[in-house]
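Presented below is the structure to which this report refers.
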Amino acid sequence: MSKGLEILHHGAVNSVTGSCHELRAGDAGILIDCGLFQGLEGKRDLAIDFDIAHIKALVVTHVHIDHVGRLPYLLGAGFDGPIYCSQPSALLLPAMLEDALKIGFTRNEQLINRVLKLLSSRLRPLPYDQWQQVEGSNIAIRLQRAGHILGSAYVECEVAGQRVVFSGDLGAPHSPLLVPPAPPERCHVLVLESTYGDKNHESRIDRRLRLKAAVEHALEDGGTLLIPAFSLGRTQDLLYELESLIAEFGGQQAAPGLPWNELEVVVDSPLAANFTQLYRELKPFWNDEARERVSEGRHPLSFEQLTVVNSHHDHLNAVGYLARSHKPCVVLAGSGMCAGGRVVNYLKALLNDPRNDVLFVGYQAEGTPGRDILEYGPKEGWVELDGERFTIRARVHQVSGYSAHAGQEDLINFATGINPPPEQIRLIHGEANPKAVLQARLKELLPETEVVMGA
């Protein structure tokens, strides 16, 4: 890397949360993401603890909270530059931050609206594959599809002939609704996520059949299948897949006496419902398969069997009803790592009954209740929720193929698809073992490339 060009990491180095990276060129710099710490890192002080006087812009790769959750703190610290993101992200970001503000900051609507108004005035939506010069610097940026969630991007940065690429969170091929990522045409330094650097995901066919089997197994004895799911991305992926199962296996039995086309699917998350509506408004950004289904008259995100629970009163009624009635039902509720949100009330009510099942379809960070349920559930252990221990008698499953993150081979294909190979690859956004395993594989496949851990 040329003299005067520096990459600094302010988060998501030794973990998968708190993403925040800086590219500094001379006296100016840009930030790539400014995310919230979660899990074991969630106790960290969220105040901006690095100099931002020279920061000319923030570039948002996608709107998950671990990539944008500290944005209000950044604004509060005096950042007054533009916020670049993709066009879909510009639509999704205010909804995500409004929810984050209500949970972590204040319920004062006037204060929330002031922050959101300030945010909107700074947003600069960019089309994919179009260069943008960052004012006050010699850095140009370009967004490319990352295939992680709708609107996600990796960021190409051009500085004096040097190209640095920040991967953001990369998705896996064949994800519902999304166009898959393609490697950059060239790159000197690649800053690469490594969430699943040590494992591959199941194929889409396998995961879809496993989802079908998990639903049928969970419902065969009159139980509820609870799926903790992130409001943005995972919920929409699962609705898409469940609609496809209902369409294909409609008359077949999902549970004794209950055909698939009569199976109720409940989304109990106002935020997820809001994002699902926004996803429907972003159909031009869907992949070809999804748009073809719409042209056939199908509604992948708003099908007949779908029930959305909005009010808190209706949520409490739904939890109590399902705990008492044992009605076969699939419930999607947030948060995805069970660290808060409406899924906690479902877990308290349903974990003690072996007729119920909990299905995890996403990453569970160390230190979260989701990780504990996944680890101790098969041993009939316990999990602490709101300071109280709950015994886990419900069956616990995991379908890894629904992760929104690229698997090991996907990450390798992205890195090795760059020709000529990068001079350096920096691994970030991963725990110690996944990073070490991925580092060894990349060193083997790209012997001329320096592969280091971000620091």
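Some observations on this one:
- Within the range 64-143, the proportion of Cα pairs with more than 17 Å between them is 49 percent.
- For the range 237-347, the relative contact order comes to 33 percent (Cα pairs under 8 Å, sequence separation of at least 6).
- The chain, relative contact order [Cα under 8 Å, separation at least 6], %: 18
- Here's the list of lysines a cross-link from LYS212 could span, going by alpha-carbon distance under 19 Å and ignoring same-chain residues fewer than 8 apart: LYS327.
- Reachable lysines from LYS443, criterion Cα separation under 28 angstrom, eight or more residues apart if same chain: LYS3, LYS199, LYS435
- The alpha-carbon of LYS117 sits under 27 angstrom from the alpha-carbons of these lysines, leaving out residues fewer than 8 places away in its chain: LYS56, LYS102, LYS283.
- Two-site label geometry, ASN138 and THR391: point separation in nm, points 7 Å out along Cα→Cβ: 6.9
- Linear extension gain, GLN305 paired with LEU209, 0.36 nm per residue minus alpha-carbon span: 32.6 nm
- The chain - mean residue ellipticity at 222 nm from DSSP helices (-39,500 (n - 2.57) per run, n ≥ 4, rounded to 500): -10000 deg cm²/dmol
- Pair HIS54, TYR128: separation of 7 Å Cα→Cβ label points (nm): 3.4
- Protection proxy ranking, peptides 127-137, 337-347, 202-212, average beta carbon neighbours within 10 Å, highest first: 337-347, 202-212, 127-137
- Note on HIS313, HIS21: ascending count of other Cβ atoms within 10 Å places them as HIS313, HIS21, the fewest first.
- With both labels modelled 7 Å from their Cα along Cα-to-Cβ, the LEU445 to ARG324 distance reads 5.5 nm.
- Average projected area [Cα convex hull, the range 204-402], square nanometres: 10.7
- Gyration tensor (Cα) of the chain, equivalent ellipsoid semi-axes in angstrom: 37, 24, 21
- The stretch between HIS217 and GLU366 holds 50.8 nm of extra length on full extension. This uses 0.36 nm per residue minus the Cα-Cα distance.
A short reminder: the numbers here are calculations on the coordinates, not readings from a lab. Note that the coordinates shown come from a computational prediction; the quantities given were computed from them, not determined experimentally. Glycine also receives a Cβ, built like all others from the backbone with ideal geometry; neighbour counts cover every protein chain displayed.
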